[in-house]
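Only the coordinates and a few stated rules stand behind these numbers; no lab work does. Keep in mind that this is a model prediction, so the values were computed, not measured. Please note: Cβ atoms are built from the backbone with ideal geometry, for glycine as well, and neighbour counts cover all protein chains shown.
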Amino acid sequence: MSKLVPFFKRFSLAALVLAIGLIALPASAAGLQDETTPPANRPANGVVPVPGRGGVVPVPAYHIVPAGYPESRTGRDNKRLEQIWARAQTAYLRQSDRLAKADEFITNAYSLIDKANQKGWDTSVVQVTLNAFTAIIPTAQAAHNPGAAIIASHNGFNADGKVTDRAVAVETVKALGQVLKDTRLAMNRTGQALREAVKAFRNAHRPAQAPATP
């Protein structure tokens, strides 16, 4: 027991890290909050309706640059867009790394669950949630894969990540953000279920504390 309990502590942490790595960009990055349209021309709710999957969806009006818009402001907006693009790529690469390590993590997890079973411990709940997590990885990988082509083409950006066509660059950032979101949705909360199962298992098999000496 003394060897397996520390493992399940590490296993729980690994599951947490893996699942966190499979999430989308935070709203401040993926959403590209509106900071470019001057107040006089900005829609009242800060968004404009555009066609999207499932119908018309609201998006920030960040790419509307009216005639006469100050060049210095446009430059600052492009700088912000470049920063968001860099963060999106970092998030994607982190997600890639988590997916690449999933097989090794799953193999080690099954091996140590087998050892726990040999001790007569009930690992059925952990086993079920790990099975679900394992089964979903190919779907998550398929959702994740299109991001590589988006980054390779970097439409609207040059090779150094500088904006060359703002309207196109905005669509590129949105596309990569959608890939990150789709990957998170593909995971279907299996990572959370696995974390909760491991936590419950740890609590059920905590080593008994030695009585305090008088």
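Kindly indicate whether any position in region 85-107 is farther than 30 Å from Asn158 by Cβ, of a type in the set (Lys, Arg) and either free of Cβ contacts under 8 Å to residues at least 12 places away in the same chain or part of a helix (DSSP H, G or I) (or both).
Residues of region 85-107 that are farther than 30 Å from Asn158 by Cβ, as a first pass: 101-107.
Imposing the further condition that a residue be of a type in the set (Lys, Arg) reduces the set to 101.
Next cut, either free of Cβ contacts under 8 Å to residues at least 12 places away in the same chain or part of a helix (DSSP H, G or I) (or both) only: 101.
Among the residues of region 85-107, at least one is farther than 30 Å from Asn158 by Cβ, of a type in the set (Lys, Arg) and either free of Cβ contacts under 8 Å to residues at least 12 places away in the same chain or part of a helix (DSSP H, G or I) (or both), which makes the answer yes.
In region 160-179, is there at least one residue being of a type in the set (S, T, N, Q) and farther than 19 Å from Arg98 by Cβ? Before the answer, list the steps.
Applying the first criterion (of a type in the set (S, T, N, Q)) to region 160-179 yields 164, 172, 178.
From what's left, farther than 19 Å from Arg98 by Cβ: 164, 172.
Taking every residue of region 160-179 in turn, at least one turns out to be of a type in the set (S, T, N, Q) and farther than 19 Å from Arg98 by Cβ.
Being touching a residue at least 24 places away in the same chain (Cβ under 8 Å), over 21 Å from the mean Cα position of the chain (by Cα) and not in a helix (DSSP H, G or I), is that true of even one residue in region 125-135?
no
Might you let me know whether region 111-121 holds any residue that is under 30 Å from Ala86 (Cβ atoms) and either surrounded by fewer than 13 Cβ atoms within 10 Å (Cβ to Cβ) or in contact with a Phe, Trp or Tyr (Cβ under 7 Å, 6 or more places away or on another chain) (or both)?
From region 111-121, those under 30 Å from Ala86 (Cβ atoms) are none; that's our starting set.
There is no residue in region 111-121 that is under 30 Å from Ala86 (Cβ atoms) and either surrounded by fewer than 13 Cβ atoms within 10 Å (Cβ to Cβ) or in contact with a Phe, Trp or Tyr (Cβ under 7 Å, 6 or more places away or on another chain) (or both).
Any residue at all in region 155-170 that's buried (at least 18 other Cβ atoms within 10 Å of the Cβ) and at positive phi?
Looking through region 155-170, at least one residue is buried (at least 18 other Cβ atoms within 10 Å of the Cβ) and at positive phi.
Could you list all residues from region 176-210 that are within 30 Å of Thr74 (Cα to Cα) and surrounded by 17 or more Cβ atoms within 10 Å (Cβ to Cβ)?
Initially, region 176-210 is screened for residues within 30 Å of Thr74 (Cα to Cα), giving 176-181.
Scanning region 176-210 gives Leu176, Gly177, Gln178, Val179, Leu180.
In region 148-167, which residues are under 15 Å from Ile84 (Cα atoms) and either assigned to a helix (DSSP H, G or I) or under 21 Å from the mean Cα position of the chain (by Cα) (or both)?
Within region 148-167, Ile150, Ile151, His154, Arg166, Ala167 meet the criteria.
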